[in-house]
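Taking it in order: structure first as structure tokens, then the write-up.
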Amino acid sequence: MKQKELLDFMKTPKGILVLFAATFLVSAVLAVFVAFKRPFFEKYIHEKYPPTTELAAKILRESKGKTALPENLTAVQHEAFYEAWMSAPDTLGADLPRKMLFAAPEIYLDRAKRTLVAGDFSQREKAREFLKRSGNLAAAAVLEIEKNEQKIE
């Protein structure tokens with residue numbers, strides 16, 4: 001088939017249907033490939049945490065002996081605390097997740113949910129540990145939902 005004949009064919013209803021069918025077939029094959037090769041893609045997907053700022057490190061150190069985090073913290077500072085905890089959970093104290101979720105539950109639950117979706121395997125494990133250590137009922141609900149979604153996969 002010459003180029004002109006091909007172009008004329010593609011302008012006909014039959015040619016358009018062939019083009020749609022070919023596009024659908026290629027996208028279906030690509031979707032199946034992506035679905036079954038998830039581990040291949042997941043090794044390239046993970047959250048990146050910036051280094052902990054001096055102010056965040058200072059506030060976290062000072063909160064070790066206290067029962068709660070300071071009340072006048074911004075959302076950005078709460079995000080920095082979560083990222084610091086995800087970078088070094090064992091050095092910040094086992095009770096920090098409880099303090100964090102008590103101080104700003106919406107921020108930390110949302111952040112943990114994002115990690116459960118976009119993090120690599122070790123990050124998802126840390127997020128699960130963060131939610132478990134918090135002792136929060138909403139965190140327990142998130143863990144239960146995530147556990148049920150894992151069964152589906």
Exercise. Report yes if some residue within the stretch 90-112 is open to solvent by 50 Å² or more (accessible area, probe 1.4 Å) and in contact (Cβ under 8 Å) with a residue 60 or more places away in the chain; otherwise report no.
Key: no
Exercise. Scan the stretch 136-153 for residues that are under 17 Å from the mean Cα position of the chain (by Cα), open to solvent by 60 Å² or more (accessible area, probe 1.4 Å) and within 23 Å of HIS46 (Cβ to Cβ) and jot them down.
Key: ILE145, LYS147, GLU149, GLN150, GLU153
Quiz prompt | Positions within the stretch 70-104 being farther than 14 Å from LEU55 by Cα, among the charged types (D, E, K, R) and either in contact with a Gly (Cβ under 6 Å, 6 or more places away or on another chain) or in a helix (DSSP H, G or I) (or both), in sequence order | solution = ASP90, ARG98, LYS99
Quiz item: Is it the case that ARG124 is over 28 Å from ALA31 (Cβ atoms) and part of a helix (DSSP H, G or I)?
Solution: no
Quiz prompt | Looking only at the stretch 29-67, and only at residues there that are assigned to a loop (DSSP other than H, G, I, E, B) and of a type in the set (D, E, K, R), the one that is least open to solvent (accessible area, probe 1.4 Å) | solution = GLU47
Quiz item: When residues of the stretch 125-135 are filtered for being farther than 16 Å from ALA80 by Cα and either in contact with an Asp or Glu (Cβ under 8 Å, 6 or more places away or on another chain) or buried (at least 20 other Cβ atoms within 10 Å of the Cβ) (or both), how many remain?
Solution: 4
Quiz item: For the stretch 105-133, how many residues meet the condition of being at pLDDT below 90 and of a type in the set (Gly, Ala, Ser)?
Solution: 3
Practice problem: May I ask you to verify whether GLN77 is free of Cβ contacts under 8 Å to residues at least 60 places away in the same chain and under 20 Å from PHE102 (Cα atoms)? | Solution: yes
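The values are calculated or read from the model by the stated rules, or taken from the named source; none is laboratory data. Every value quoted in this text rests on a predicted model; they were computed, and no experiment measured them. Every residue, glycine as well, gets a Cβ built from its backbone with ideal geometry; the counts of neighbours run over all protein chains shown. Surface areas here come from the heavy atoms of the whole protein model, side chains and all, with no ligands, DNA or RNA. Shrake-Rupley method; radii C 1.70, N 1.55, O 1.52, S 1.80 Å.
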